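The values are calculated or read from the model by the stated rules, or taken from the named source; none is laboratory data. Bear in mind that the values here come from a model prediction, so they are computed numbers and not experimental data. Note that we place each Cβ from the backbone using ideal geometry, even for glycine, and neighbour counts take in every protein chain shown.
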Amino acid sequence: MNDSTVAKKQLVALKRKLDGAIESRSSLEDDFNLHSNLLIQFISKLSLISKGIDLELDNRLAQLRTLFTKSAPISDIQEKILIISKLLQQHSLTNEKNISHMHEQFNQAGESLQKINGLPSNLRRDLRALLTETKDSKDALIQYVPLLSQLLSFYDHALKAKSSTPVQGLLQPKKIIDTPNKSSNDHDSTTFDASILEKISVSLSSLPLSKGHTNELLAIKKKLMADQSSDEVLHHLIDIFDVIVADFKDEKSSAEHFLTNLSATLTTVQSAVKETIASQKSSQLTNDKINLKLQGQLTDMTGSVEKALSLNQVKEDINEKLQCIASTLEQKSKFEQQNHQQLANKLNEMSTKVEQLEQQSKVFEEKLAEQQKKSMQDALTKLANRAAFDDFFAKAMVRFHHKPFELALAVIDIDDFKKINDTYGHTAGDKTLQVIANSIVKNVSKDVFVGRYGGEEFVLIYSKTQVETLTDELNNLNKYVARLPFKFKSNKVSITLSIGATHIKSDDNIHIAFERADQAMYKAKKQGKNQVIYTK
C-alpha cells in the first residue's frame, strides 16, 4: 500500500469524523429548539391560568399565545408583554383598593359588634384584641380570610349570648297573643315573619357551595322553615353560618395548596431556565474555541502539504497533524455528548415539573368550572338562576340590537303558591317547584333558555320563534301543568300557571322588555289565572 492510499484513507476518516461532529451539532440545535418550544408552551399555559380576571387582559394574553404559536419576532412579543405588564399593574392598583375597602368594612363590622350591649366580657376583650391586630391594613386579601373567620365566630357567640333578644335588621319578631296556658318563662313567646324566612330561604338556595355543604345547608333550611320560634331560628342561622364558613375554609385551603404548588413549580422552572441559558452560552463559547482550534489544525496541515518537498515528508507531517486533529475531534465529541446529556436532563426535569403543574392546574380549573356552574344554577330546581338569566338575556339583547331577530321573553308565576306553603308546608312547596321546573323543561323547545327567576317565578327566552308558535307552546305548557296530579296529605290539588309573554322591540332595553312581560303575567292573574297573555 503506497503513501498516497494511506493519506486518502486518513482524509476519508477525517471527513467521517467531521460529518459526525456536524450531525452532533445539528442534534444539539434540534434539542435546543425543542427546549425553546416547551418553554413557549409553558408560558402559554400559564397565561391560560390568568383567564377570567379581565376581558381585555384575556384578549391580550390570547394574542401573546398566538404570537408564540406563529414564532413571531421577539420585538412583537416584547411589545405585547409590555402592554400586558401595564394591565397587570392596573390590576395591582385595583387589588390595593379592594384591600383598603376590605380593611374598612372589616373594622366597621367589628366596631358595630362592640356597640352591642350585653356582650360577655371575654368576648369584648377578644374583639378589642382583634381590632387592634387589624389596625394596619394587610398586604393581600387572602390574609383577611382567617380574620373574617374569627370575626364571624365572635358574631356567632354574640348571637348565642343575645338569643333572647331580637337582632334588629335581620330578624323581626312578631308577638304571639299570650294565652292562659303560657308560662312567663316560655322561650317560644315570639315567632318570626314568614316572609322574612322565605327571603332567607331563597338566598340560601342561590349559594354555590360544595356538594357536601349544600346538602347540609338544605337540611338546615328545611328545619328553618319548619321551626319559626326565636330560639330555634337563631340556632338554625348560627348553623348556617358555620356551614358557610366551613365551605369557605375548604375553598381557601384548596386555593392555597394550588398556589403554593404553582409557586414552587415556577421557581424550579425559572431556575432551570436560567441554568440552561447560562450553560448554553458557556457551551457555545467552548464549542467555538474547539472549532477554531480544529480549523487552525486543518489550515496548518494544508500548508504543510503545500510546502513539503517529498512524499515521505508529507506522510510524516500529515500523520502527526492527523493525530492532533483526531484528538481535537474526540475532545469535541465528548464535550458535545456531555452538553447534550446535561440539556436532556434539564429538559426532562422541566417536563416533569410542567406535567405536574398541568395536572394540578387541570384539577383546579375543573373545580373553578364546577363552582362557576353552581353559581349560575338554582340549587333546588337545578335550572339556571337569576344571575344566569341576567347574563344570558343581556347577551341576547346585544345580539338582537346588532342584528335583529325574533327574540321573545316569557314570565311564569305559579298561581296561589303561598297557599300551598301555608297549608302543606315548605317541603311540599319545594317539591312543587321541582315538578313545575321539570314540566317546563319537558314541554318547551330544546333551544329555549329556562331559568328560575326567584320564589315561584320562572323565565323563558325564545330565539327565532314567531308569535303564533310561541303562544301555542305556552298554552300547551299551561294545559299540561293544570292536568298534573298533585297530592298533598291525601288531598288532590290542582296547580296552574299565569304566563306573560312579549317579543323584544328595537327600542327596548333589558328592563323595559322584562317589565312588559311581567305586566302581562300580572294581567293574566287579574283576569282569572291559568292563562297566557301575550303583549306587543
Is it the case that some residue within the stretch 499-509 is assigned to a strand (DSSP E or B) and surrounded by fewer than 20 Cβ atoms within 10 Å (Cβ to Cβ)?
no
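Residues are listed down the side, and each one gets a yes or a no for (1) out of contact with any helix residue (DSSP H, G or I) (no Cβ under 6 Å at 6 or more places or on another chain); (2) farther than 30 Å from Leu152 by Cβ; (3) modelled with pLDDT of 75 or more:
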| site | (1), (2), (3) |
| --- | --- |
| His35 | no, yes, no |
| Phe42 | no, yes, no |
| Leu48 | yes, yes, no |
| Leu55 | yes, yes, no |
| Ala62 | yes, yes, no |
| Lys70 | yes, yes, no |
| Ile74 | yes, yes, no |
| Glu79 | yes, yes, yes |
| Leu93 | yes, no, yes |
Here are Lys321, Lys293: which of them is closer than 25 Å to Ser27 by Cα and modelled with pLDDT under 75?
Lys293
When only residues in the stretch 114-169 that are hydroxyl-bearing (Ser, Thr, Tyr), assigned by TED's automatic domain parsing to the domain that holds Glu96 and modelled with pLDDT under 75 count, which is nearest to Lys249 (Cα to Cα)?
Tyr144
Right, Leu380: surrounded by 14 or more Cβ atoms within 10 Å (Cβ to Cβ), at pLDDT below 70 and touching a Leu at 6+ places or on another chain (Cβ under 8 Å) or not?
no
Could you tell me which numbered condition Thr535 fails, if it satisfies all but one of (1) within 30 Å of Lys403 (Cβ to Cβ); (2) crowded, with 21+ Cβ neighbours inside 10 Å?
(2)
State which residue pairs qualify: first residue within 9 Å of Thr502 (Cβ to Cβ) and modelled with pLDDT under 95 and inside the stretch 514-536, second residue crowded, with 18+ Cβ neighbours inside 10 Å and basic (Lys, Arg) in any location, beta carbons under 9 Å apart, and separation of 6 or more residues or different chains.
Thr535/Arg516; Lys536/Arg516
Can you pull out the residues in the stretch 458-499 that are closer than 13 Å to Asp415 by Cα, in contact (Cβ under 8 Å) with a residue 60 or more places away in the chain and not β-branched (Val, Ile, Thr)?
Phe458, Leu497, Ser498
Which pairs do you get when a residue that is within 23 Å of Asn95 (Cβ to Cβ), found in the stretch 115-143, comes within reach of a residue that is aromatic (Phe, Trp, Tyr), reach meaning Cβ atoms under 9 angstrom, with the pair 6+ apart or on two chains?
Thr134/Phe106; Thr134/Tyr144; Lys138/Tyr144
Filtering the stretch 61-95 for residues that are surrounded by 13 or more Cβ atoms within 10 Å (Cβ to Cβ) and in contact with a Ser or Thr (Cβ under 9 Å, 6 or more places away or on another chain) leaves a count of 8
